[in-house]
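Working notes, beginning with the structure itself.
The values are calculated or read from the model by the stated rules, or taken from the named source; none is laboratory data. Just so we're clear, the structure is a prediction, and the values are computed from it rather than from any experiment. Backbone-built Cβ (ideal geometry, glycine too); neighbour counts: all protein chains shown.
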Amino acid sequence: MKIVNKIIAVTMFLASSCVYSLTINGNDAVDINGYEANIYAYDQSTLTANSASDIAWLYAYDESTININGGETSWLYGYDNSTININAGDIGWLKLYGESETNISYLNDLSWLLVNDDAIVNIYGTGFSYSNGHLSGSWANGSLFSFLALEESDIYSARGNILPDNIVLHSVPEPSSFALLILGLGLLIRNRKIYQV
C-alpha cells in the first residue's frame, strides 16, 4: 500500500510540474471550455469561461475583460483597470487590485473575496447582511450565498461588521417579486380597459 501511495504521489508531482500557461493579448477573444492551468489576459483582450471550464489560476491585466459564465476557477486575480463579469460558476479565491472592477450577479459558490487599493466590486442581489467578515444574502434568482468579503490587509486581523467601502451592494428584485409586479400591472391595464367600454 505504501508503494502505491508513493507511486500516486510521484505521478501527481510529475503531472503538476508539466503545467502550461495560456497568454492572450491585444484584441484577442478566447472562450475556455476545458482545463487550463494558468491564464494571463493582457492589453484589452477578452476571455470567456463557459460551464465546462476548469481553470486553476486566472490573471486579468491591462484593461482586459473576463466573463465567467460557469465552470470552476480556483484563483482569479484582477489588476490594472481590468473588468471581471461573473454570472455563474464556482470560484475559490477572488483577489482584486489596482483599479479593477468586478460585477457579480450570481455564483454557485465563492469562498473568499479580497479587495485591495482602488478595486471596486459590485454585487447584485437582495437581503444583504454583513457580520464577522461574512457577506450573506440572496442572488436575484433567490439562491442564498455567504462568503468572506474583506480588505486583504484584514485577512489575519479581527473581522468586524463594517463592509469594506469598495464592495458596493445593489438590491435587485427577486424573480417572484418582479412577476407579481408584471401581473399587477397587467390586471390594472385589463381593468382600465373594462371600465372604459
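So, in region 148-163, exactly how many residues are farther than 10 Å from residue 114 by Cα and crowded, with 17+ Cβ neighbours inside 10 Å?
Looking only at that region, the number is 1.
Do you know which of the residues in region 113-133 that are free of Cβ contacts under 8 Å to residues at least 40 places away in the same chain and surrounded by 15 or more Cβ atoms within 10 Å (Cβ to Cβ) is nearest to residue 73 (Cα to Cα)?
Once the filter is applied, the top-ranked residue is 116.
Show me the strands (runs of 3 or more DSSP E) found entirely inside region 39-88 where at least 2 residues are closer than 13 Å to residue 102 by Cβ.
Once the strands (runs of 3 or more DSSP E) in region 39-88 are filtered for at least 2 residues that are closer than 13 Å to residue 102 by Cβ, what remains is 54-60, 65-78.
Just to check your reading of the model, which residue among 142, 98, 92 is closer than 24 Å to residue 79 by Cα and assigned to a loop (DSSP other than H, G, I, E, B)?
98
Every residue, every condition in (1) within 18 Å of residue 82 (Cβ to Cβ); (2) not aromatic (Phe, Trp, Tyr), yes or no:
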site	(1), (2)
119	yes, yes
125	no, yes
128	no, no
163	no, yes
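Tell me which residues, restricted to region 101-119, are in a strand (DSSP E or B), hydroxyl-bearing (Ser, Thr, Tyr) and within 9 Å of the chain's Cα centre (by Cα). Steps first, please.
Going through region 101-119, the residues in a strand (DSSP E or B) turn out to be 101-104, 109-115.
Those left that are additionally hydroxyl-bearing (Ser, Thr, Tyr): 102, 111.
The one that is in a strand (DSSP E or B), hydroxyl-bearing (Ser, Thr, Tyr) and within 9 Å of the chain's Cα centre (by Cα): 102.
Pull out all pairs, ordered by first then second residue, where Cβ-Cβ is under 6 Å, the residues are six or more apart or on different chains, the first lies in region 143-162 and is without any contact (Cβ under 8 Å) to a residue 60 or more places away in the chain and under 25 Å from residue 106 (Cβ atoms), and the second is of a type in the set (Phe, Trp, Tyr) and surrounded by 13 or more Cβ atoms within 10 Å (Cβ to Cβ).
Listed pairs, sorted by first residue: 148/112.
Is it true that some residue in region 47-55 is modelled with pLDDT of 95 or more, closer than 27 Å to residue 124 by Cα, surrounded by fewer than 12 Cβ atoms within 10 Å (Cβ to Cβ) and not aromatic (Phe, Trp, Tyr)?
Yes, the conditions are met somewhere in region 47-55.
Pairs needed: first member in region 72-95, buried (at least 16 other Cβ atoms within 10 Å of the Cβ) and hydroxyl-bearing (Ser, Thr, Tyr); second member anywhere, at pLDDT below 95 and assigned to a strand (DSSP E or B); C-beta distance under 8 Å; at least 6 residues apart or different chains.
Sorted first by the residue in region 72-95, then by its partner, the list stays empty.
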